[in-house]
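Structure, as structure tokens:
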Ligand SMILES: Nc1nc2c(ncn2[C@@H]2O[C@H](COP(=O)(O)OP(=O)(O)OP(=O)(O)O)[C@@H](O)[C@H]2O)c(=O)[nH]1
Ligand SMILES: [Mg+2]
């Protein structure tokens with residue numbers, strides 16, 4: 001279903017976006033692999049722009065899965081070399097995207113499976129919970145995790161940390177394109 005996804009729009013004024021039916025939103029720290037995950041999910045190489053430089057995605061990038069069903073790539077948070085003005089713009093974009101839009105939505109917070117969750121990830125989760133927006137966790141870069149740590153352990157630990165059921169934690173490696181079947185199933189179910 002997702003392999004026909006196309007780029008729709010890149011905006012900083014989220015209010016300028018038309019209405020949609022459903023939006024799967026990807027958030028997370030800068031450089032954690034949000035854009036890489038979107039490419040892997042859609043079985044495409046260059047749909048979402050990937051960069052070695054953190055802070056690459058500085059606008060809200062919208063991809064259309066099919067009519068009215070969108071994947072949204074949010075700019076990453078926690079990138080140090082961002083001005084105060086840019087931080088304010090980021091906050092406004094995310095607020096407009098997640099809180100103000102009425103569409104059916106699901107939010108994935110992408111974390112680094114090797115580094116573990118950061119304070120900003122917990123802040124994001126708390127902020128979402130404060131608005132009653134449910135979220136799921138994607139632990140990416142599992143290829144960097146030592147072999148003696150199992151995916152089951154990552155899931156249960158993340159579930160505990162974020163106070164969510166571990167079935168809502170997905171472990172993937174966008175680089176190796178591993179572990180996407182459960183996440184794909186989740187997103188396809190959401191778009192049904
Ligand atoms: N080892 C490893 N590297 C990865 C993985 N996924 C992404 N990367 C690398 O991490 C870097 C950042 O990837 P992006 O997909 O651009 O990250 P992003 O979260 O979209 O970053 P911003 O747009 O800056 O917020 C790139 O160099 C990717 O090649 C993974 O699963 N494993
Ligand atoms: Mg990106």
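The values are calculated or read from the model by the stated rules, or taken from the named source; none is laboratory data. In this text the structure is predicted, and so the values were computed from the model without any measurement. Cβ placement follows ideal geometry from the backbone for every residue including glycine, while neighbour counts extend to all protein chains displayed.
Is there a residue being in a helix (DSSP H, G or I) and more than 12 Å from the chain's Cα centre (by Cα) anywhere in the stretch 62-72? So far as the stretch 62-72 goes, no, none of its residues is in a helix (DSSP H, G or I) and more than 12 Å from the chain's Cα centre (by Cα). Taking the conditions (1) at pLDDT 85 or above; (2) touching a helix residue (DSSP H, G or I) at 6+ places or on another chain (Cβ under 9 Å); (3) within 20 Å of residue 15 (Cα to Cα); (4) within 16 Å of ligand 2 (Cβ to nearest atom) in turn, residue 62 satisfies each one other than (2). Consider the stretch 129-154 and keep the residues that are crowded, with 20+ Cβ neighbours inside 10 Å and in a helix (DSSP H, G or I). The one that is nearest to ligand 1 (Cβ to nearest atom) is 142. Of all residues in the stretch 19-35, those satisfying the criterion of being farther than 13 Å from residue 63 by Cα and either in contact with a helix residue (DSSP H, G or I) (Cβ under 8 Å, 6 or more places away or on another chain) or without any contact (Cβ under 8 Å) to a residue 60 or more places away in the chain (or both) are 27, 28, 29, 30, 31. Considering the stretch 162-185, the residues that are under 15 Å from the mean Cα position of the chain (by Cα) and in a strand (DSSP E or B) include one that is surrounded by the fewest Cβ atoms within 10 Å (Cβ to Cβ), namely 173.
Go over the candidates 38, 50 one by one and state the one that is free of Cβ contacts under 8 Å to residues at least 40 places away in the same chain, closer than 21 Å to residue 179 by Cα, within 11 Å of ligand 1 (Cβ to nearest atom) and more than 12 Å from the chain's Cα centre (by Cα).
On the way: 38 fails: more than 12 Å from the chain's Cα centre (by Cα).
Residue meeting the stated conditions: 50.
Filtered by the rule that a residue be away from ligand 1 (no atom under 16 Å from the Cβ) and in contact with a strand residue (DSSP E or B) (Cβ under 8 Å, 6 or more places away or on another chain), the stretch 157-176 gives 159, 162, 164, 168. From the list 80, 40, which residue is at pLDDT 90 or above and closer than 28 Å to residue 117 by Cα? When all the criteria are applied, what remains is 40.
Looking at this structure, is residue 19 in a loop (DSSP other than H, G, I, E, B), more than 16 Å from ligand 1 (Cβ to nearest atom) and under 25 Å from residue 186 (Cα atoms)? So residue 19 fits the description; yes. Among the conditions (1) within 15 Å of ligand 1 (Cβ to nearest atom); (2) closer than 20 Å to residue 72 by Cβ; (3) surrounded by fewer than 15 Cβ atoms within 10 Å (Cβ to Cβ), the only one that residue 188 does not satisfy is (1). A count restricted to the stretch 97-112 and to residues that are crowded, with 16+ Cβ neighbours inside 10 Å and farther than 23 Å from residue 138 by Cβ stands at 0.
Can you name the condition, by its number, that residue 126 falls short on among (1) in a helix (DSSP H, G or I); (2) surrounded by 14 or more Cβ atoms within 10 Å (Cβ to Cβ)? Tallying (1) in a helix (DSSP H, G or I); (2) surrounded by 14 or more Cβ atoms within 10 Å (Cβ to Cβ), residue 126 fails exactly one: (2).
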